[in-house]
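Down below is the structure, laid out as structure tokens.
The values are calculated or read from the model by the stated rules, or taken from the named source; none is laboratory data. Since the model is a prediction, treat every value here as computed from it, not as a measurement. Positions of Cβ are backbone-derived with ideal geometry, glycine not excepted, and every protein chain shown enters the neighbour counts.
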Amino acid sequence: MTLRLFASALAARDYFPLLRWMIFTGVTVFGFAIAWRYGLFQLMMTQDQTRISAFICILYAVISVHCLVAILAISREINTAHRVRERVVNGVDSYRIEGRRVLTDDGNPLPAGRITDYIGNLVVKAEKQGRERRLDQTLLLRGLADKLRSPMQFGAFAGDALLKLGLLGTIVGFI
């Protein structure tokens, strides 16, 4: 007997980034528990007079929670993008905008998400530009890419900052 948490294999695949985060965090917590058990963590804290190690550990925990929130948001966006794709591929001929919702020709709204916002922006741009001209999507695609990358930019900055703080602690320790 198998337990199925997601409706389809496609929906399960959408949460692979979350699974990877959980595996990495689990290994990290296991390593922390081993270091705590053998007294290495306490030794590190007593030997560190600058307390930069404690600051790095607290910052790492906060950044890990931020990464969890960002990965959950990305997984939801991937899931929404797959649902929108299914709707678009299955014979949608026209779109219209009502408020912030994008409705298809059958009157059903597309699932809310950044991809739906992008489609809505395309519809608005096509209506304002006119149907006879070729639709340039460059700026809209760049905007979508920036929205999708923005949570990850903080994570990359934070990882770099933690590395530099560790190097600073090493230099201070040598002095």
- Can you spot a residue in the range 113-126 that is of a type in the set (A, V, I, L, M), closer than 30 Å to residue 162 by Cα and over 24 Å from the mean Cα position of the chain (by Cα)? no
- Query: Looking at the range 32-55, which of its residues are in contact (Cβ under 8 Å) with a residue 40 or more places away in the chain and in a helix (DSSP H, G or I)?
  - Reply: 52, 53, 55
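Residues of the range 128-144 being surrounded by fewer than 12 Cβ atoms within 10 Å (Cβ to Cβ) and at pLDDT below 80, which ones?
To start, the set of residues in the range 128-144 that are surrounded by fewer than 12 Cβ atoms within 10 Å (Cβ to Cβ) comprises 128, 130-136, 138-139, 142.
Listed by number, the residues that qualify are 128, 130, 131, 132, 133, 134, 135, 136, 138, 139.
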- May I ask you to say which residue of 102, 84 is in contact with a helix residue (DSSP H, G or I) (Cβ under 7 Å, 6 or more places away or on another chain), farther than 30 Å from residue 24 by Cα and at pLDDT 80 or above? 84
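Can you tell which of 96, 76, 114 is in contact (Cβ under 8 Å) with a residue 12 or more places away in the chain, touching a strand residue (DSSP E or B) at 6+ places or on another chain (Cβ under 6 Å) and basic (Lys, Arg)?
Working: 76 fails: touching a strand residue (DSSP E or B) at 6+ places or on another chain (Cβ under 6 Å); 114 fails: touching a strand residue (DSSP E or B) at 6+ places or on another chain (Cβ under 6 Å).
It is 96.
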